[in-house]
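A.B. asks: Would you mind keeping the following structure in view while I ask a few things?
The values are calculated or read from the model by the stated rules, or taken from the named source; none is laboratory data. Just so it is clear, the model here is predicted, and its values are computed rather than measured. Cβ: placed from backbone, ideal geometry, glycine included. Neighbour counts: every protein chain shown.
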Amino acid sequence: MQTKLLPAASSDRQRLENLLEKYNYEFSQYDKTHFDADGLFGYEWLPTYFEGRDDRAAYLIYAEESLAGFALINRIAECDRPLDWAVAEFFVAYSFRRNGVGSAAMEQVFVRHSGRWQIKYHSKNLPSAAFWNGIARHYAAGFVETLFGAEDCADGTPATVLCFSVPAKAQSSRIRLLDTSACWGAAYADGAFSLPRWRSYLDSCLPGAAALCLADAQQSQAAGIRWEHDILPVLNAMPGHPDAAQAVRSFRRVTERLDERIRLAFGKSPDAEVVLMLGLGNGAGWATTLNGKPTVLLGIEKIVELHWCSEDDMNGLVLHELGHVYAAQFGTSLSPSREQRLLAQLFSEGIAMVFEQELVGNPDYFHQNVNGWTTWCHEHLSAIAHCFAAEAARLTRETQRYFGDWVSFEGYPDAGYYLGARFVRFLMEKMTFDEVLRLPLSQIQQSFDAFCASL
């Protein structure tokens, strides 16, 4: 639908005032404001948008030549982050929603007003949360920070604020970054983790993620991971944890120019969202699909538990999960049988490890290298490979001993990651990385047999 954003002239003032009444009526379900004695809400700041000030701008939105809404922007900070522009009010009529009018209007706002942005929304307004988070992650240059505003909403609900930068000339980035660290405290009541409060926090910052994490947590509990014993203590240890701040700093540093780094190494970059969040022990890194989009969820509580807070650890974690996304988008989709599942996992983790190594610039780099792990794996590579080949077909997710910090092969965790990386390096002796990605499962099996025979 063709959308136009036109500056509001003095002659448009009454028109804008009329639209603001509709906007305020709709929003009153969240902020609990009331009519005045004349049955109006009013908007006391409207005159300031027609005084020719350089810190205010008013626009009318038209869709297919019909009046569809408005946008008011100013330079009033909603939090303590640097600011060039903020969305004061934004409205699109019901008849024009869910067809791209709002997104197209904001794109035109960003063309006119680049720089550091803050966008505030009511945390209980889930449609607004979904819209603004999508806008921010699509147009931001670098990461989007989510935090609470300096002032609560009129009804006392904390206001959620998105902070991000929009470049003067939009540069397409396929990797979008979201940092929710400033809102983690909302998941706690008197220092104790609260599942309802956590769900409210995550629904506000990343709609759809809470349901996904809860479903995964149920599967984990079915596999023997206990909520009261294994997960809740980790979550309760998070408030004030000194390592959490370090992890946040590391995340911001290692994701700088991330899209560019991947393009330089591989010639292309995966389409993905990377989110730093408070999860439910769902994993330090989880490459999944959220709202139909490839998404990497980074669980701060698990990162802290595993002591993966340094820049080196965080870099390895982020790159590894993006390796899975890269393989899913540019490789062959594998459909393994039950007997082939572990082999498919070995190949997948090997791809992600090599993706990580190529970006680090070191084929011998392993982020798991603690207490001589790499040396031990190197010295026992043949034993790991032959044991894996002998038992992979009969092992399950619950009985395997190669992938995860909670299992071990001869006393060492994650041996499958080392094995997978060496296997993929073996394949890359005769083909490129992207050619390896496109191998069918039958050829992967044959190649793994040849790899084992070579050891």
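A.B. asks: Can you pull out the residues in region 282-299 that are among the small types (G, A, S), in a loop (DSSP other than H, G, I, E, B) and crowded, with 18+ Cβ neighbours inside 10 Å?
C.D. replies: G283, A284, listed by residue number.
A.B. asks: Another one. For region 395-402, indicate whether the set of residues that are surrounded by fewer than 18 Cβ atoms within 10 Å (Cβ to Cβ) and assigned to a helix (DSSP H, G or I) is non-empty.
C.D. replies: no
A.B. asks: If you don't mind, another one. Got a sec? Which of A93, A105, A86 is small (G, A, S) and in contact with a Leu (Cβ under 6 Å, 6 or more places away or on another chain)?
C.D. replies: Matching residue, one of A93, A105, A86: A105.
A.B. asks: I'd like the residue in region 333-349 that is loosely packed, with under 15 Cβ neighbours inside 10 Å and part of a loop (DSSP other than H, G, I, E, B) and, out of all such residues, is modelled with the highest pLDDT.
C.D. replies: By that ranking, first place goes to S337.
A.B. asks: Identify all residues within region 384-412 that are within 19 Å of Q368 (Cα to Cα) and either in contact with a Ser or Thr (Cβ under 7 Å, 6 or more places away or on another chain) or free of Cβ contacts under 8 Å to residues at least 24 places away in the same chain (or both); write none if there are none.
C.D. replies: R401, G404, W406, V407, S408, G411
A.B. asks: Right, next: Within the group K32, K4, which residue is under 24 Å from L126 (Cα atoms) and over 30 Å from the mean Cα position of the chain (by Cα)?
C.D. replies: Testing whether each residue is under 24 Å from L126 (Cα atoms) and over 30 Å from the mean Cα position of the chain (by Cα) leaves just K32.
A.B. asks: If you don't mind, another one. Given the condition closer than 15 Å to S348 by Cα, surrounded by 14 or more Cβ atoms within 10 Å (Cβ to Cβ), at pLDDT 95 or above and among the hydrophobic types (A, V, I, L, M, F, W, C), answer yes or no: does some residue in region 403-412 qualify?
C.D. replies: Looking for residues that are closer than 15 Å to S348 by Cα, surrounded by 14 or more Cβ atoms within 10 Å (Cβ to Cβ), at pLDDT 95 or above and among the hydrophobic types (A, V, I, L, M, F, W, C), one finds none in region 403-412, hence no.
A.B. asks: Please work out which one of (1) touching a residue at least 40 places away in the same chain (Cβ under 8 Å); (2) in contact with a Gly (Cβ under 9 Å, 6 or more places away or on another chain); (3) surrounded by 20 or more Cβ atoms within 10 Å (Cβ to Cβ) is the condition S165 fails and give its number.
C.D. replies: Condition (3) is where S165 drops out.
A.B. asks: Any idea which of (1) closer than 16 Å to S348 by Cα; (2) at pLDDT below 95 is the one S447 doesn't satisfy?
C.D. replies: Of everything listed in (1) closer than 16 Å to S348 by Cα; (2) at pLDDT below 95, S447 misses just condition (2).
A.B. asks: May I pose another question? For region 30-40, check the following and say yes or no: at least one residue is touching a Leu at 6+ places or on another chain (Cβ under 7 Å), surrounded by 13 or more Cβ atoms within 10 Å (Cβ to Cβ) and under 30 Å from C183 (Cβ atoms).
C.D. replies: Checking region 30-40: not a single residue is touching a Leu at 6+ places or on another chain (Cβ under 7 Å), surrounded by 13 or more Cβ atoms within 10 Å (Cβ to Cβ) and under 30 Å from C183 (Cβ atoms).
A.B. asks: (1) farther than 20 Å from W286 by Cα; (2) out of contact with any Asp or Glu (no Cβ under 9 Å at 6 or more places or on another chain); (3) loosely packed, with under 15 Cβ neighbours inside 10 Å; (4) not hydrophobic (A, V, I, L, M, F, W, C): which one isn't true of R425, the others all being true?
C.D. replies: For R425, the exception is condition (3).
A.B. asks: Something else about it: What number of residues within region 310-327 are closer than 26 Å to P239 by Cβ, buried (at least 23 other Cβ atoms within 10 Å of the Cβ) and touching a residue at least 60 places away in the same chain (Cβ under 8 Å)?
C.D. replies: 2
A.B. asks: Let me ask something else. What number goes with the only condition from (1) modelled with pLDDT of 95 or more; (2) over 21 Å from L427 (Cα atoms) that A352 does not pass?
C.D. replies: Among (1) modelled with pLDDT of 95 or more; (2) over 21 Å from L427 (Cα atoms), the lone unmet condition for A352 is (2).
A.B. asks: Sticking with this one: Determine whether A385 is within 31 Å of the chain's Cα centre (by Cα) and assigned to a helix (DSSP H, G or I).
C.D. replies: In short, no.
A.B. asks: Does Q221 meet the test of being assigned by TED's automatic domain parsing to the domain that holds E311, among the polar types (S, T, N, Q) and more than 20 Å from the chain's Cα centre (by Cα)?
C.D. replies: yes
A.B. asks: For region 250-264, how many residues are surrounded by fewer than 16 Cβ atoms within 10 Å (Cβ to Cβ) and in contact with a helix residue (DSSP H, G or I) (Cβ under 8 Å, 6 or more places away or on another chain)?
C.D. replies: Qualifying residue count for the region: 1.
A.B. asks: Sticking with this one: Please name all residue pairs, on different chains or six or more residues apart, with Cβ atoms under 7 Å, provided the first residue is in region 244-256 and is more than 17 Å from E301 (Cα to Cα) and the second residue is in a helix (DSSP H, G or I).
C.D. replies: Note: pairs meeting the criteria are R253/E311; V254/E311; V254/M314; V254/N315; V254/V318; T255/V318.
A.B. asks: Can you pull out the residues in region 24-49 that are among the small types (G, A, S) and either touching a His at 6+ places or on another chain (Cβ under 6 Å) or part of a loop (DSSP other than H, G, I, E, B) (or both)?
C.D. replies: A37, G39, G42
A.B. asks: Against the conditions (1) over 25 Å from the mean Cα position of the chain (by Cα); (2) over 24 Å from Y25 (Cα atoms); (3) part of a strand (DSSP E or B), where does A71 fall short? Just the number, please.
C.D. replies: Against the list (1) over 25 Å from the mean Cα position of the chain (by Cα); (2) over 24 Å from Y25 (Cα atoms); (3) part of a strand (DSSP E or B), A71 comes up short only on (2).
A.B. asks: Considering region 358-382 alone, what residues qualify as being without any contact (Cβ under 8 Å) to a residue 24 or more places away in the chain and either basic (K, R) or outside any helix (DSSP H, G or I) (or both)?
C.D. replies: Result: G361, N362, D364, N369, V370, N371, G372.
A.B. asks: Could you tell me whether region 80-93 includes any residue that is outside the structural domain of A187 (by TED's automatic domain parsing), modelled with pLDDT of 90 or more, in a helix (DSSP H, G or I) and closer than 30 Å to P196 by Cα?
C.D. replies: For region 80-93, residues outside the structural domain of A187 (by TED's automatic domain parsing), modelled with pLDDT of 90 or more, in a helix (DSSP H, G or I) and closer than 30 Å to P196 by Cα: absent.
A.B. asks: Any residue at all in region 142-161 that's farther than 27 Å from T255 by Cα, surrounded by 16 or more Cβ atoms within 10 Å (Cβ to Cβ) and out of contact with any strand residue (DSSP E or B) (no Cβ under 8 Å at 6 or more places or on another chain)?
C.D. replies: No - not one qualifying residue is present in region 142-161.
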